[in-house]
Amino acid sequence: MIPRGTPDIGWSDLAFGLLRSCWPDHPAATQSRIEQRWSSARDTLACLSVRSGFDLLLQAAAWPAGSKVLVSAVTIPDMIALLAQHGLVPVPIDLDPETLAVDLDQLRQAIGPGTRAILVAHLFGSRMDLAPLVAIAREHGLFVIEDCAQAYDGRYRGDPGSDARLWSFGPIKTQTALGGAIVQLNDPALLQRMRRIQSSYPRQRRSQFARRVLLMAALKFLARPRRFALFVALCRLRQRDHDRLLYTAVRGFAGRDLLARLRHQPCAPLLRLLERRLRHADAEHVTRRAAFARRMLAQLPEGVQLGRRPIATCTG
């Protein structure tokens, strides 16, 4: 049986995260180093998650209730829920199924007097060319939010034309730190408002992060065919859905009261692990994963068609 997936993290990183959870540390200094490592322009903020960063951005931007935000038609439900929590109206924009790029004609047609921003996501390791979208946004005075949560490859730092760029290092992401995110902004005043809001949040508990490390270690242990088959068999004996169990396990923010769960500062061990992962970022690792995927695609039966044109730049 083929395992559903394995966290993209090594055993030494998991051990590091667990050990760092066992003693006090000074998160502010680590956060500053992370932000400086990502960009020397002092235009970044390390957050608990992309959703936390997006919520901070919406609070700091303070767009009027009823304002419209154009959104890639494929995105995670929590991003839509956050827009609604802030009194904003999401307007879905279709994607080209072959390139996963936003339909620019539909984007133009959707822009109206109440439109304030565009939230566009790079999906499934692809990257779309944002230059045409940014040009449209500038023409209409719209704020562009580039969701790069699925586009990290150790090299790409987003399109400089986008006003905000969001990066995720959550449990199912490439080169995960089991949590954490980076928000990069072109507006220093907006960044300062976000930083001030985040500083008022309680700190994530170290014990909570330690439990996540242990959970991811268990998932990594199960990511072998025989072990996974045994796990599935045990779930069936107990009449449990193994897919549902795994989905719940890797969700970053399961349960209700989304805002209360998002509004925390990252704890010191999470920041330490994120710093370690960024310091040892391996772009070739992503290249190898992409090459492996292409080999798997090449072995599909001749009758299977995944698209007439190549999907946008693959980053793994």
Rounded to 0.05, the calculated FRET efficiency for the beta carbons of Ala29 and Arg240 at R₀ = 51 Å is 0.70
Cα-centred dipole magnitude for the chain, charges only on beta-carbon of K, R (+1) and D, E (-1), debye, nearest 20 = 1560
Dipole check, the chain, charges on Cβ (K,R +1; D,E -1), about Cα centroid: among Leu246, Pro97, Phe228 the Cα furthest to the positive pole belongs to Phe228
For segment 124-159, state which trypsin sites (Lys or Arg not before Pro) are in a DSSP loop and have at most 10 other beta carbons lying within 10 Å of their beta carbon.
-> Arg155
Which is the longest run of the chain containing none of the GluC sites (Glu not before Pro) found in DSSP loop states (not H, G, I, E, B) with at most 13 other C-beta atoms within 10 Å?
-> 99-301
Could you calculate the FRET efficiency of Ala223 with Asp105 from 1/(1 + (r/R0)^6), where r is the beta carbon distance between them and R0 is 45 Å, rounded to 0.05?
-> 0.60
Among the DSSP beta bridges whose two residues both lie in the chain, what percent are antiparallel, rounded to the nearest 5?
-> 35
If eta is 0.692 mPa s and T is 37 °C, what Stokes-Einstein diffusion coefficient results for segment 25-199, Kirkwood Rh from Cα pairs, in µm²/s?
-> 200
So His285 and Ser199, fully extended at 0.36 nm per residue minus their Cα-Cα distance, gain in nm 27.5 nm
Neighbour net charge for Gln109 - beta-carbon separation under 12 angstrom, K R +1, D E -1 | -2
Calculate, in nm to one decimal, what Gln192 and Arg37 gain on full extension: separation in residues at 0.36 nm each, minus their alpha carbon distance.
-> 53.9 nm
Cα-only radius of gyration and Dmax that characterise the chain, units Å = 20.1, 60
Rounded to 5, percent antiparallel among DSSP beta bridges of segment 25-199 | 35
Mind jotting down the distance between the C-alpha centroids of segment 145-200 and segment 38-58, whole Å?
-> 5
Length gained when the stretch Leu19-Ser207 is fully extended (0.36 nm per residue, less Cα-Cα span) = 66.5 nm
Given R₀ = 30 Å, FRET efficiency for Ala260-His140 by Cβ-Cβ distance, to 0.05?
-> 0.30
Non-local amide H neighbours of Phe143 (under 5 Å, H modeled in plane, Pro and chain starts lacking H): which ones?
-> Ala117, Ile118
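No value in this document is a laboratory result; all are computed from the given coordinates. Model, not experiment: these values are computed from the prediction. Please note: Cβ atoms are built from the backbone with ideal geometry, for glycine as well, and neighbour counts cover all protein chains shown.
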